[in-house]
Amino acid sequence: MEKVRGFEVAKGFEDKNINLPIRKTKYSAGYDVEAAEDCTIPPFKPGQKPTLVKTGIKVYCMPDEFLMLCNRSSNPGKKGLVLANSVGIIDCDYYGNVENDGHIMYAFYNFKDEPVEIKKGDAIGQAIFMKYFTSDDDKAEGERKGGFGSTSR
């Protein structure tokens, strides 16, 4: 079978019992993504970097597609968690990169006054496959060299 789009366990997580994302209903747009390990997200302080929550997964898709990482609708109200970048974009060339194999992480800030505990297997976000288009005059030829945050390098 030809691979078109899907999820795989990222290198280094093969023996960690990672659950690949699934849709819970037949009309769900998003695949529910789980945390790969326990972690703590401290309360936000100005100048602080976001906490990267590991998923243990990577994604493959067609060259004109990307995976959009979204927050769970309950995270801000119940846990005080917001995505640092509002929406994450996983480009198709992130898959299998030499720096981190395409491992997907969610970048969270915690706006509660106390730390938020995330347990392995907790649903932390949703992932939606999307198609994109390019402009008539697009001439992009660069190639990805690294992992997280490497597009502009």
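What follows draws every value from the coordinates through simple rules; no lab data is involved. Values in this document were obtained by computation on a predicted structure and should not be read as measured data. Cβ sites come from the backbone with ideal geometry, for glycine too, and all protein chains shown count toward neighbours.
Being of a type in the set (Gly, Ala, Ser) and either touching a helix residue (DSSP H, G or I) at 6+ places or on another chain (Cβ under 9 Å) or more than 18 Å from residue 132 (Cα to Cα) (or both) is the filter here, so list the residues in the stretch 66-112 that pass it.
Within the stretch 66-112, 73, 74, 77, 80, 84, 86, 96, 102, 107 meet the criteria.
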*asked:* Return the residues of the stretch 94-105 that are buried (at least 17 other Cβ atoms within 10 Å of the Cβ), over 9 Å from the mean Cα position of the chain (by Cα) and on the phi < 0 side of the Ramachandran plot; say none if nothing qualifies.
replied: 94, 95, 97, 100
*Name every residue in the stretch 115-129 that is buried (at least 16 other Cβ atoms within 10 Å of the Cβ) and closer than 13 Å to residue 80 by Cα, in order of residue number.*
116, 118, 124
*Evaluate the stretch 107-114: report whether one residue or more is without any contact (Cβ under 8 Å) to a residue 60 or more places away in the chain and under 10 Å from the mean Cα position of the chain (by Cα).*
yes
_Looking at the stretch 41-59 only, could you name the residues that are more than 15 Å from residue 123 (Cα to Cα) and small (Gly, Ala, Ser)?_
47
*Can you tell me which residues in the stretch 69-93 are over 15 Å from the mean Cα position of the chain (by Cα) and among the hydroxyl-bearing types (Ser, Thr, Tyr)?*
73, 74
*Examine the stretch 39-54 for a residue that is out of contact with any Phe, Trp or Tyr (no Cβ under 6 Å at 6 or more places or on another chain), within 22 Å of residue 132 (Cα to Cα) and not aromatic (Phe, Trp, Tyr), and state whether such a residue exists.*
no
